[in-house]
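Derivation of every value follows stated rules applied to the coordinates shown; laboratory data play no part. Note that the structure is a prediction, hence the values are computed from the model and not measured. All Cβ positions, even for glycine, are placed from backbone atoms using ideal geometry, and neighbour counts span all protein chains on display.
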Amino acid sequence: MSKKAVTELTVLENLPCGRNQSMLVLQGEHDLLPVKPGQFVNVEIPDNKEVFLRRPFSVFRVDEERRLLTLLVKDLGKGSHSLMQVGTGRKLNIIYPLGNGFTFPVTGDRPLAVGGGSGVAPLLFLASLAASAGIKMDVLLGARSAADHIPVNTVAEDIRCFFTTEDGSLGASGLVTDHQVMKQLDSYNRIYTCGPLPMMKAVAALAKTKSVTCEVSLENLMACGFGVCLCCIEPTVEGNQCVCTQGPVFNVNDLLWQI
Amino acid sequence: MSKKAVTELTVLENLPCGRNQSMLVLQGEHDLLPVKPGQFVNVEIPDNKEVFLRRPFSVFRVDEERRLLTLLVKDLGKGSHSLMQVGTGRKLNIIYPLGNGFTFPVTGDRPLAVGGGSGVAPLLFLASLAASAGIKMDVLLGARSAADHIPVNTVAEDIRCFFTTEDGSLGASGLVTDHQVMKQLDSYNRIYTCGPLPMMKAVAALAKTKSVTCEVSLENLMACGFGVCLCCIEPTVEGNQCVCTQGPVFNVNDLLWQI
Amino acid sequence: MADLKVNIGGLELKNPVMTASGCSGFGTELTDFFDVSGLGAILLKGLTLKNRDGNKYPRMAETPSGMLNAVGLQNKGVDYFISKIYPEIKHLDCALIANVNGSTIEEYVELTRIINELEHIAAIELNISCPNVKEGGMAFGVSCPHAGAVTREVRKACSKPLIVKLSPNVTDITDIARVVESEGADAVSLINTLLGMAIDAEKRIPLLSTVTGGLSGPAIKPVALRMVWQVSKVVKIPVIGLGGIMNATDAIEFFLAGASAVQVGTALFKDPLIPLHIVDGIDNYLERHHFGSINQIIGGLQM
Amino acid sequence: MADLKVNIGGLELKNPVMTASGCSGFGTELTDFFDVSGLGAILLKGLTLKNRDGNKYPRMAETPSGMLNAVGLQNKGVDYFISKIYPEIKHLDCALIANVNGSTIEEYVELTRIINELEHIAAIELNISCPNVKEGGMAFGVSCPHAGAVTREVRKACSKPLIVKLSPNVTDITDIARVVESEGADAVSLINTLLGMAIDAEKRIPLLSTVTGGLSGPAIKPVALRMVWQVSKVVKIPVIGLGGIMNATDAIEFFLAGASAVQVGTALFKDPLIPLHIVDGIDNYLERHHFGSINQIIGGLQM
Ligand SMILES: Cc1cc2nc3c(=O)[nH]c(=O)nc-3n(C[C@H](O)[C@H](O)[C@H](O)COP(=O)(O)OP(=O)(O)OC[C@H]3O[C@@H](n4cnc5c(N)ncnc54)[C@H](O)[C@@H]3O)c2cc1C
Ligand SMILES: Cc1cc2nc3c(=O)[nH]c(=O)nc-3n(C[C@H](O)[C@H](O)[C@H](O)COP(=O)(O)OP(=O)(O)OC[C@H]3O[C@@H](n4cnc5c(N)ncnc54)[C@H](O)[C@@H]3O)c2cc1C
Ligand SMILES: Cc1cc2nc3c(=O)[nH]c(=O)nc-3n(C[C@H](O)[C@H](O)[C@H](O)COP(=O)(O)O)c2cc1C
Ligand SMILES: Cc1cc2nc3c(=O)[nH]c(=O)nc-3n(C[C@H](O)[C@H](O)[C@H](O)COP(=O)(O)O)c2cc1C
Ligand code: FES
Ligand code: FES
């Protein structure tokens, strides 16, 4: 059997989920291929004449039994905007599963996930699978305002989730790096982060000072998503690596970030 | 005020209307510009990434009061296929009114319209306005089979309409040129024809032998539809003329057809 | 409202948005839709000395994000233009630029001399890049000596601003641009269409009567932008950019790449009002980014 | 099933559909999706003698119906290829063609000599048309003397079928094709990417780290088709057509224009299974039109 597939999934639901964000629940006709947290799918954007290439989206949730794969789509431009308009019943063509995924925490780990922007989905997927495996993971999510966060009830109950907002309208006021938990990094032994580059760099810098292992999930521009075009590269200690196959998750120590 | 407009009309209905054909009822927000039978609109095709240019469609019906403009769209390829899928409520961008239109019959005229394929709309529009003006016009429509014809009840009651089908499933068996009325061309003093080129040429040839005035409506490929690109030309006794502005309706004597 | 005035080799324009030649007729077709006084200039349909029927039908084929045309400079000749068309358009409140074509240098020169006399023609665009004619046309635009020679001779006959329209179907467009600059062009416009072809696979025939034709529209924008950028770095005369411009953002890209004005061609077929939307959009962009004048963004790409 | 076998300058292929270089990695990425034995050939990612990091990020920009890339031949060099990659791919049931690059003729020759020794490399494609490297690359492909010289020297080092990959960024591609034919090329492939550019209007910066890059995808198909048609009329060696092929209809158009085989590049990014769909579609077309063999439609355009 093939390891990756090009396949059509049907849009079961396309729900508003926080300001300018949709939760897209897709259903397969056949069993889905296994997907790990941090892996992504590459979606063919329907209808929009101005979009030529696919767009990558991290997986937010998988329900193997019901063959459901859920994405969180933030309106960042042409392709994501079109996806947010897609009606239920419509088929979307996706390539998946792509990328390496996060290092799954092991029993005894005290993991923290820090996310924002379009980087929330893979972290909540990881946290929820970790919870199922009996590993409690804290999640810290930042946004400009309460309305920009995904609704609190969207976060699975077994995840401890902290919020920050720049305007103080939900959770602590300020950036994620201002939050209390970031001052107590010693209580964690693994940090996962995904979101805007400045946020990830700030998180990685704090993790570094505390020598906590930190994995970042990058969102470099992609053409193919499966390793043939070499467009998505990130400089690493091993040379330029493909974010789509050798990432999107990297240990921050392997990157050449100036932090 | 401008003579032509680029405007958005809302799809009020998109009804199947004979095999692979739709009746597209569009509604304007404001009063429509006046449209004559034989004139056409140039429609921006939504959603289809493979269609770049607009597609021209003759006007089938106008309801000034309700600001309705109706088209008959036959599935002939990419653009027409997409239009047939357009949902109600959707806005279509059109440029109109385009082209010259038919010479309107005058009282005392005995006009006949002969059509087929995608050429039915402008003829029925003409016949129905003629009827309103008290001029009875006969209409002869040909198709392969009954299912390919527009439903008989779509034709306004005050129009005498004959049908031919190649398989004899509706009306007379054979091509339009085999029909009884074409043998009695002497009883008409004007023929209007629109449809597949071979049909129009055959009709024009018969009209010529009987010296009946014959107007044909051409469907040359168009880029602009309003006279600036010079792509849609037809050779005439006056040189190359633009089908979109100097046509689509021509007196067949002005064309350089070998008939 | 930001200052949108530009000066193209002596030609003052109220704004930098023109319609492209062959895509806006002689202007009268546009007046059916809107008041052309909102345009920077109208480039008239390509003219020749004598009547030209142009190429046979079909002359057009749709392509991905673009189209091919093979019109072949259909026009009734300059005498007809002067007697029938010019009187209809000369009072339009918008700069009119004639697009001049020929099969030989002599024809180019003679036509230029005639048009140079017309008071209401603001400038002349020398088209040495039409891919759809058997003689002349692009042949002049793809060779430095030929491009230089025709520019030199036409320059002598032309007292109006002289714009030379370049062909993209060359190995190095900067060579051609430099030559026409040195021979006296006041500006260059680029690009004309890329030579392309389309086939009907089912019928196994070419879609154009001429087999090959000129590719235009958004598909060619990246090539046009690259050439405008290359040329504007090596010439001192203003560059007019065109090729696939559909909206204000596209136009801004050309200004940033070094264009002092833009032309809108194929986009007019989609919507004749696009040039006006572009003028508005440029104004909006300048205000949003706190520029007082269009001249502040010309060549403003940050490297 | 129609006969899809073609012979490209001595190279027998089970069908005429290949993947294009730089768009299909080293073949192993495709095997994650499907059995590559259904392909005519795989063109391997461009190789150089030594490791090349390629250009800086960003290397890609989406354009209307296409994309720009500025990868710049990133690869770990031929030694790494031979020790790490070749052993993984040599038993694939599909012809493998190496894409050879250099900054100097000497580099091209040395690399060819090394690759020529590899039993499971069926042919060599000499890339003289990469627009994304500072030295060599396209510089060879846009000049007849250079294209001739590199072909002549590489030919001496190459006992396998030699395909020369041509650049579209030239005034007359038939000149280059003729020269490489006369210097011993067994086939030509065309086109490589058109040089283009893209700009972020809001940030006023180029979208590619290299400013310019190579345009590929459906946008360039009309240009590619035209060049294949022009070249196939003037050379006797087989022409491999590529540029914007997305489906079987596109491929058929290239065969009709004179191509003996096709390559699929950018389309793979949209769907890696496209080459297989194309093979099926060609078969279907031949059956529908009652042709027993693909060879019956090559150059079959009716004029
Ligand atoms: C591995 C991966 C996982 C992702 N997961 C998610 C997810 O779960 N949810 C989600 O909403 N989005 C996710 N994204 C981002 C998603 O693909 C973006 O929505 C998309 O790339 C933006 O596309 P667009 O067509 O909406 O915007 P466009 O119209 O293409 O671009 C809008 C603007 O954003 C810029 N831009 C777009 N993408 C990037 C980028 N990656 N880096 C820098 N600038 C960019 C463009 O240059 C442009 O200025 C992911 C991206 C990657 C690579
Ligand atoms: C003035 C005018 C009025 C029209 N009125 C109507 C109308 O009332 N109802 C209606 O259904 N259609 C009408 N048409 C035709 C309509 O525009 C076609 O449906 C359309 O052009 C075909 O577009 P498509 O995108 O569906 O097909 P495409 O996918 O573009 O083409 C499918 C195939 O048909 C060929 N083709 C398409 N159009 C033409 C043409 N005009 N001449 C020759 N070959 C062609 C193409 O080359 C291709 O092989 C009219 C056309 C014109 C010019
Ligand atoms: C139908 C058509 C006719 C054209 N005729 C002319 C012409 O007469 N003279 C000329 O210089 N360019 C002519 N062109 C080229 C355009 O002016 C322009 O250079 C080209 O189309 C690229 O711009 P665009 O992509 O905005 O259309 C023509 C283009 C088209 C599509
Ligand atoms: C990302 C990318 C990388 C490429 N790398 C190479 C290469 O290494 N060698 C080469 O000869 N061509 C390379 N090409 C060019 C393609 O092989 C092909 O000639 C071009 O993209 C046109 O075909 P297409 O439109 O089907 O992609 C590359 C193209 C792309 C898009
Ligand atoms: S996106 Fe193509 S290699 Fe990563
Ligand atoms: S379609 Fe453009 S002139 Fe008729």
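Cβ-to-Cβ counts within 10 Å put B:Val212, B:Val120 in ascending order as B:Val212, B:Val120, the fewest first.
About the centre of its Cα atoms, region A:55-117 shows a dipole size close to 280 debye [charges on the beta carbon of Lys, Arg (+1) and Asp, Glu (-1) only; nearest 20 debye]. For region D:178-193, backbone phi angles converted through the Karplus equation (6.51, -1.76, 1.60; θ = phi - 60°) give residue-by-residue couplings of 4, 5, 5, 4, 5, 8, x, 4, 8, 6, 10, 10, 7, 10, 6, 6 Hz, Gly and Pro being listed as x. Normalised by the number of residues in region A:31-149, the average gap of Cα pairs under 8 Å and 6 or more apart makes the relative contact order 28 percent.
For region B:17-105, a/c is not less than 1.5, where a ≥ b ≥ c are the root eigenvalues of the C-alpha gyration tensor, and a/b tops b/c. That puts it in the prolate class. Summing +1 for each Lys or Arg and -1 for each Asp or Glu among the other residues whose beta-carbon sits under 13 angstrom from that of D:Ser182 gives 0. Sorting the segments A:123-134, B:81-92 by their mean number of nearby beta carbons within 10 angstrom, highest to lowest, gives A:123-134, B:81-92.
Structural descriptor for chain C: relative contact order 20 percent, calculated from alpha carbon pairs under 8 angstrom and at least 6 residues apart.
Taking B:Leu197, B:Leu141, B:Leu71 as the candidate residues, the one with maximal mean-square fluctuation in a Gaussian network model of chain B, Cα springs under 10 Å, is B:Leu197. Measuring from the axis that maps chain A onto chain B, the chain A residue with the nearest beta carbon and its rounded distance in angstrom come out as A:Asp47, 2.
With helices as the sole contributors, chain B gives -4000 deg cm²/dmol at 222 nm; each DSSP H run of n ≥ 4 counts as -39500 (n - 2.57), and the sum is divided by every residue.
Projecting label points 7 angstrom from Cα along Cα→Cβ for C:Lys156 and A:Glu65 puts them 9.1 nm apart.
Using R0 = 30 Å, the C-beta based FRET efficiency linking B:Thr209 and C:Ile205 works out to 0.40. A label point on C:Asp35, set 7 Å along the Cα-to-Cβ line, lies at 7.1 nm from each of its counterparts in the other copies, closest listed first.
Close amide-amide hydrogen proximity is noted between C:Ala95 and C:Ile42, each under 5 Å apart and 5 or more residues distant or on a separate chain (H modeled in the peptide plane; Pro and chain starts excluded).
Between C:Glu119 and B:Ser2, the FRET efficiency estimated from the beta carbon spacing at R0 = 30 angstrom works out to 0.60. Rounded if a/c is under 1.5, else prolate if a/b beats b/c, else oblate: with a ≥ b ≥ c from the C-alpha gyration tensor eigenvalues square-rooted, which is the protein assembly as shown? In terms of gyration-tensor shape, prolate. Extending 7 Å from Cα along the Cβ direction at C:Gln296 and again at C:Asp280 yields two label points whose distance is 2.3 nm. Where both bridge residues fall in region D:179-262, DSSP classifies roughly 55% of the beta bridges as antiparallel.
Think of the protein assembly as shown as a dipole: +1 on every Lys or Arg Cβ, -1 on every Asp or Glu Cβ, centred on the Cα centre; then among C:Ser37, A:Ser132, B:Val43, C:Ser37 lies furthest on the positive end. Shielding by partners for peptide B:44-55, expressed as the average number of C-beta atoms from other protein chains within 10 Å of each residue's C-beta, is 5.
Mind checking the dipole of region D:1-148: about its Cα centre, +1 per Lys or Arg Cβ, -1 per Asp or Glu Cβ, Debye to the nearest 20? It works out to roughly 360 debye.
DSSP beta bridges confined to chain A are antiparallel in about 60 percent of cases. The other copies place their C:Cys144 label points at 1.6 nm from this one, listed shortest first, where each point is 7 Å from Cα along Cα→Cβ.
When the Karplus curve 6.51 cos²θ - 1.76 cosθ + 1.60 is applied with θ = phi - 60°, which whole-Hz ³J(HN,Hα) does each residue of region D:228-237 get, with x for Gly and Pro? Once θ is set to phi - 60°, the couplings for region D:228-237 become 4, 5, 4, 5, 5, 6, 10, 10, 9, 6 Hz.
Listed peptides C:287-294, C:276-283 appear in the order C:276-283, C:287-294 once ranked by packing, highest mean of other Cβ atoms within 10 Å at the front. Among the trypsin sites (Lys or Arg not before Pro) in region A:15-59, those placed in a DSSP loop whose Cβ has at most 15 other Cβ atoms within 10 Å are A:Arg19. Under 5 Å from the amide H of A:Thr236 lie the amide H atoms of A:Gln241, each residue being 5 or more positions distant or on a separate chain, with H modelled from the backbone and absent for Pro and chain starts. Need one word for region A:194-259: rounded, prolate or oblate. Basis is the Cα gyration tensor (sqrt eigenvalues a ≥ b ≥ c); a/c below 1.5 gives rounded, then a/b vs b/c decides. The shape class here is prolate. Have a look at A:Thr245, A:Thr70, A:Thr236 and tell me which one the Gaussian network model of chain A (Cα, springs below 10 Å) gives the largest fluctuation. Highest fluctuation of the listed residues: A:Thr236. Counting Cβ atoms of other protein chains within 10 Å of each Cβ in C:267-278 and taking the mean gives 4. Under 5 Å from the amide H of D:Ala259 lie the amide H atoms of D:Gly299, each residue being 5 or more positions distant or on a separate chain, with H modelled from the backbone and absent for Pro and chain starts. Seen from C:Ala259, the other residues with C-beta closer than 13 Å to its C-beta sum to a net charge of +1, counting Lys and Arg as +1 and Asp and Glu as -1. By DSSP, the beta bridges lying fully in the protein assembly as shown are antiparallel in about 50 percent of cases. Per-residue 3J(HN,Hα) values for region D:194-200, derived from phi via the Karplus relation 6.51 cos²θ - 1.76 cosθ + 1.60 with θ = phi - 60°, read 7, 6, x, 7, 9, 10, 8 Hz in sequence order (x marks Gly and Pro).
For A:Asp178, inter-copy separations between label points set 7 Å beyond Cα along the Cβ vector come to 8.5 nm, shortest first. Go through A:Lys36/D:Lys84; B:Lys3/C:Lys270; C:Lys45/C:Lys270; B:Lys136/B:Lys210; A:Lys49/C:Lys270; A:Lys78/C:Lys233 and tell me which ones have a Cα-Cα distance over 24 Å in this structure. Long pairs (Cα-Cα over 24 Å): A:Lys36/D:Lys84; A:Lys78/C:Lys233. Where only DSSP H runs of four or more residues are counted, chain C gives -8500 deg cm²/dmol as its mean residue ellipticity at 222 nm, each run worth -39500 (n - 2.57). About its Cα centre, the dipole of the protein assembly as shown is roughly 720 debye, where the only charges are +1 on Lys and Arg Cβ and -1 on Asp and Glu Cβ.
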